[in-house]
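I have placed the structure first, in the form of structure tokens, so that the comments after it can refer back to it.
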Amino acid sequence: MELENADTLGEVNLYSDVCHIIEGSRQRLATTINAEICMMHWQIGKRIKEDVLYSQRAEYGKQVVKNLSIKLTAQFGKGWGYEKLKHCVRSAYLFSEDDIRYAVRTQLTWTHIRSLMSINDCLKRQFYMEMIRLEHWDTRTLNDKIDSMFYERTALSRKPEELIKQELEQVQSTNTLTPDVVFRSSYFLDAIGLADAYSEKDLEDAILVNLQAFIKEIGSDFAFLDRQKRITVDSTDYFIDLLFYHRGLRRLVAIDLKLGKFKPEHEGQMLLYLRYLNKNERKEGEESPIGLILCSEGNTEHIEYLMLEDSNIKVAQYYTQLPDKNLLSEKLHRAIAIAREHHQG
């Protein structure tokens with residue numbers, strides 16, 4: 001019997017080891033193939049760009065690319081149409097060879113790169129590349145984030161370009177996020193399914209019922225710890241609406257939910273929470289806690305100034321229904337311009 005069991009165990013181990021070898025080889029092969037595909041497309045784009053489009057004869061160049069696509073399709077089959085070659089050329093204009101090598105080294109795919117080609121601002125592209133790398137976004141998530149103006153809603157976007165560049169370089173070198181990358185000026189909570197009229201308790205309940213959707217919006221590194229977290233100061237009980245932990249920042253995050261606009265007293269209340277958490281809940285190796293006050297209305301001057309301060313209290317507006325994209329875009333770009341003027345002043 002013991003011999004029989006030993007044989008069975010040996011077969012199980014053999015099967016497991018062989019599966020591990022096959023899966024490892026497949027993964028390495030997929031990584032190699034992806035790298036070759038990305039480099040091939042970029043090199044094709046570079047070749048076309050250098051030999052044809054540098055002539056500065058746009059119509060001539062367009063015709064040459066069309067003729068090339070016809071010949072490539074005849075030689076290699078479908079997949080080499082005019083639009084495909086245009087993407088190759090655009091990649092050569094927007095990315096250096098080092099950019100492409102870094103992208104494939106961090107496991108970005110050609111579809112990721114294609115999505116990033118819609119972004120003209122190089123710092124904004126770099127921001128999304130780092131977020132893909134750190135949070136392992138698939139292309140659908142990337143497109144959703146770009147469409148929802150994720151970058152424009154971060155505190156990072158409000159900094160002068162040189163400071164943005166420095167912070168992104170820090171993110172790349174340390175493989176860790178910073179608060180200005182994590183926290184945003186507005187959050188879309190349409191996925192939690194609130195009715196038109198609701199109370200703060202209704203909002204909190206809806207978030208807890210739809211916790212996965214909420215975390216997807218605020219960031220994948222957030223881990224839920226508690227609701228209505230009780231803290232006692234001088235025999236008086238206070239309750240933190242939601243308590244999270246952010247793994248990348250290594251900080252406790254206290255979230256307070258408010259109906260209406262931000263009021264100065266909200267800051268004082270959050271400051272009490274953070275000082276209590278820092279003294280009584282902060283563990284060895286963690287950074288100091290951060291507070292996020294979510295208000296249902298208005299990006300008031302209070303919020304604008306608080307977002308600019310080097311503070312552990314962040315203030316943001318939340319939307320229970322998606323705002324008009326054009327109005328939101330105008331509002332965000334205006335806020336970015338004001339913030340950068342403030343920095344320069």
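Structure notes:
- For the range 179-344, share of DSSP beta bridges that run antiparallel, in % to the nearest 5: 50
- When both bridge partners sit in the chain, DSSP labels roughly 55% of those beta bridges antiparallel.
- Total charge dipole magnitude, the chain, about the Cα centre, Cβ charges on Lys, Arg, Asp, Glu only, Debye to nearest 20: 1660
- Reachable aspartates and glutamates, given that their alpha-carbon falls under 13 Å from the alpha-carbon of residue 258 and they are not under 8 places away in the same chain: 200, 202, 204, 241, 267, 297
- Residue 78 versus residue 225: modelled label distance in nm, points set 7 Å from Cα along the beta carbon direction: 5.4
- Reach of residue 84 by Cα under 18 Å, taken over lysines that are not fewer than 8 positions away in the same chain: 46, 49, 62, 66, 71
- Checking [x] 80, 79, 39; [y] 54, 50, 40; [z] 50, 44, 40 against the coordinates, the calculated Cα extents along the principal axes in Å falls under label [x].
- Cross-link reach is defined here as a Cα-Cα straight distance under 20 Å, omitting same-chain residues fewer than 8 places apart; for residue 263 the lysines meeting it are 201, 314.
Quick note: the coordinates plus some simple rules give every number you see, no bench work behind them. This one's a predicted model, so the numbers in the text were calculated from it and none came from an experiment. As a convention, Cβ positions derive from the backbone with ideal geometry for all residues, glycine included, and neighbour counts pool all protein chains shown.
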